[in-house]
Amino acid sequence: MWFLESQDLKIEKILKEDTKMKMKKVLALILCAALTFGITACGGSKAPASTEEPAAESEAPAADKEEPAESDAGQEAGGDNLQASKDKLAAAIESEMTTDNKQLMADPIIKEIPEAPADPDSLPDDDKDKYFSMEYLDFAKEDQSPNLPESPADGCIGKKVTVIVHGDHAWTNAYMKGWTQAAEALGMEVEILSPNWDQAMQDQLIDQAINSKPDAIVVIPLSAENATQQFRRITEAGIPAFGSNTLTQSDALAYMEAWTGPDDWAQMRILADTLGEELGGKGGVCYITHNVGTSPYFARTYGPITEFKEKYPDIKTLDIQSPGFEAAKCKQQVADWITKYGDELNAIFLADDSDQVTGTIDAIKEAGRDDIVVVAAGNSKAGQDAVKAGDVRIINYQSAEGDGGLSARTVAAWFNGEDIPLVGYLTTDMITADNVDSFYPTQW
């Protein structure tokens, strides 16, 4: 009985163990099935994740990076920056004004070029055709250097420009003010360097500017003859070069994107015509020049001389001297003329209306010669005050700030991909006692 009971217990135990084993197998099968399904499911989700989901994740940061590109950095590469630059230029042209309430960035004047003379170099100094290439800068765009950089056409905003002037002077300060004001309005950065009338120093500053790799370089050349090699160096370095203010030999234009500045020759011819009428078409004139070798030297000396020869042949040149811009030296020169020429001296033509005017007036007043007619180039405060007082008969309006403004406008338009004239001139006017009040306050 015990045996049967024990056997029954063994059988029951075996059955229980067998049942447990079967249940374990079933559970194992279920677990394997679940794991297989899970792995399959995970594998199915991983495949698209490797091609689509990570792509979506990478697109999100890319979109984040593009947002500042459209509003900030992206503008530097064109797109919105170009349109913003064009809008800034248009607005600045309309709104920016000079100290004397004239347009800072007025439209440039394009000059018509007559037929060139056959052999100008063989002509005498008082023949206007001798200076044809200086006066008209007769040069065609198609003859420019193939090394001229092309406009990036991506906008002027953010561009860095180096401006190298000719020397320290009150006029130069006003020019720099105009350039700086225009650059700020146009979103450009400008660095201005001065060699203080030293040719070797200006050459060094050009090399310095080239090494700093700005987006453009603007130069007021000290020497018309030296300008060609200066602009060639800039262009061959791959940097766009722009001429400003003083004229150059016309072949220098081969290495410039553009030149802007006053039409000194036209201004001096108008000034000479006005003086010729004042003198009744006859008399003796002495000249105090600008710095020898510069374009103002030629224009403000031989512009009036050649004009008188053609229209007022009875007006004679008595003397030409270059004492510089110091009032004391000019005063001594004029005093010497008064002593030497006496009543033959009827007029004095000055290349500058600041210190040259001051010294000249002092000498005339001390000699008691109120019959000498004085005219001058430029419109400083000293010159305008002298016109208002009746000591100087006529000066010509030449905006120093506008000169800088026109240069900045031209550079900005080039960055914007606009078609710019190779040569663009400033507007001008003659200032007399009748209209001098409309040119105050003066720029320098």
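Once backbone amide H atoms are built at 1.01 Å from N, Asn396 has Ala376, Gly378, Ile431 as its partners under 5 Å, excluding neighbours fewer than 5 places away on the same chain. One decimal place: the segment Tyr341-Gln83 gains 86.6 nm when fully extended, by the rule 0.36 nm per residue minus the C-alpha distance. Computed packing ranks the peptides 338-347, 147-156 as 147-156, 338-347, most packed first, by mean other Cβ atoms within 10 Å. Multiplying the residue separation of Gln208 and Asp107 by 0.36 nm and subtracting their alpha-carbon distance yields 33.2 nm. Computed packing ranks the peptides 359-370, 248-259, 380-391 as 248-259, 380-391, 359-370, most packed first, by mean other Cβ atoms within 10 Å. A Förster radius of 30 Å combined with the Cβ-Cβ distance from Gln332 to Asp198 puts the calculated FRET efficiency at roughly 0.75.
Where Lys and Arg each count +1 and Asp and Glu each count -1, what net charge lies around Gln181 among other residues with Cβ under 9 Å from its Cβ? Result for the neighbourhood of Gln181: -2.
Spin-label model, Ser145 to Gln229: label points 7 Å out along the Cα-to-beta-carbon direction sit 1.3 nm apart.
Distance between the pseudo-spin-label points of Ala90 and Ser322 (7 Å out from Cα toward the beta carbon): 4.8 nm. For Phe231, what charge total do you get from the other residues with a beta carbon under 11 Å from its beta carbon, if Lys and Arg give +1 and Asp and Glu give -1? Here the count lands on -1. Using 0.36 nm per residue and subtracting the Cα-Cα separation, the extra length available between Lys282 and Lys365 on full extension is 27.6 nm. Once R0 is set to 35 Å, what does the formula 1/(1 + (r/R0)^6) return for the Cβ-Cβ distance between Asp121 and Thr274, expressed as a FRET efficiency to the nearest 0.05? Once rounded, the FRET efficiency stands at 0.70. In terms of the mean number of neighbouring beta-carbon atoms within 10 Å, the peptides 306-312, 108-114, 400-406, 427-433 order highest first as 400-406, 306-312, 427-433, 108-114.
Each reported figure results from applying straightforward, stated rules to the coordinates on display, with no laboratory input. The shown structure was predicted, so the numbers you read here are calculated from the model rather than taken from an experiment. Backbone-built Cβ (ideal geometry, glycine too); neighbour counts: all protein chains shown.
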